[in-house]
1. Hey, in the GNM for the chain with a 10 angstrom Cα cutoff, which one of Ala195, Ala174, Ala62 fluctuates hardest?
2. How many percent of DSSP beta bridges within the chain run antiparallel, rounded to 5?
3. Set the Förster radius R0 to 25 Å, insert the Cβ-Cβ distance between Asp191 and Asp7 as r into 1/(1 + (r/R0)^6), and round the FRET efficiency to 0.05.
4. Shape of the stretch 105-181 from its Cα gyration tensor (a ≥ b ≥ c, root eigenvalues): rounded if a/c is under 1.5, otherwise prolate when a/b > b/c, or oblate?
5. Evaluate the charge dipole of the chain about its Cα centre and quote only its size in Debye, nearest 20, assuming +1 on the Cβ of each Lys and Arg and -1 on the Cβ of each Asp and Glu.
6. Of Leu26, Leu105, Leu12, which is farthest along the charge dipole of the chain in the positive direction, counting Lys and Arg as +1 and Asp and Glu as -1 at C-beta?
7. With springs connecting C-alpha atoms under 10 Å apart, model the chain as a Gaussian network and identify which of Leu221, Leu162, Leu20 has the largest mean-square fluctuation.
8. Between Tyr140 and Leu219, how many nm apart are label points set 7 Å from Cα along the C-beta direction?
Amino acid sequence: MTQPFVDYDKPLNGVASISLNRPEALNAINMAMRDDLWTFIQAARLDPDVRVLIFRGEGPRAFSAGADISEFGSAPSLHESREARRQRDLWALLEDLPIPTIAALHGFCFGAGIELPLYCDLRIATENTQIGLPEVTLGYIPSAGGTQLMPRIAPPGAASGLILSGDPIDADQALRWGIIHRVVAPEELDDTVLAVAERLAVADPAVTAALKRSIRRGLDLSMSAAIRRDTQTARRLANRLSDR
């Protein structure tokens, strides 16, 4: 029996964890792992007991070094490749997830190995974390949302430099730019992430989902339209409380 490359478990009540488990390849994400990620994220989404989802990478060297470039061009046809992505759109699933997500980062976080965490609500990293979008040095562009997510999280000028150069940055720089939320010692990462997840898991899931929708969708609205939407959401949640 082959060892699974993605693991799923529930370390705490209300908390699920997805671990990339291909450390010998720096957790490079291949097509089988994409399918497993979609399956496990969907499982967490549909499980009413899961209120927070954590992403981790096994092994000491990397959260993930990115997509497995050895598989590039290996799909039977371009049409089949696009159809598979349409049917199991991993990134759209992550973006629309109503529960809080936390990325526990360490070591190399390159390409898809930082794009996946950029979809998460919180990113906690160890001091040895390196973040980069090196696609330009390989002759293509970040294709999992990096060109759009990074400028929405980091200062646009800093994000442009990161994307256009392909050069990595360390954890301290990523913290200054707001790409990560906290830097901890390597031995403190798991406990810190679990403590944050446990705190988030006590919140009302309906409120958490409403907050996530407000934050994400508000970025595409004018300030006045976003505030009107928040007012309507607040009224709806207040009515729900009064009906209890």
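1. Answer for the Gaussian network model of the chain: Ala195.
2. Rounded to the nearest five, the antiparallel share is 25 percent.
3. 0.85
4. Note, shape of the stretch 105-181 comes out rounded.
5. The calculated dipole for the chain is roughly 1260 debye.
6. The listed residue farthest towards the positive side: Leu12.
7. Leu221
8. 2.3
None of the figures in this text is laboratory data; all of them are computed from the coordinates on show. Computed from a predicted model, the values in this text were never measured in an experiment. Ideal geometry is used to build each Cβ from the backbone, glycine not excepted, and the neighbour counts take in all protein chains shown.
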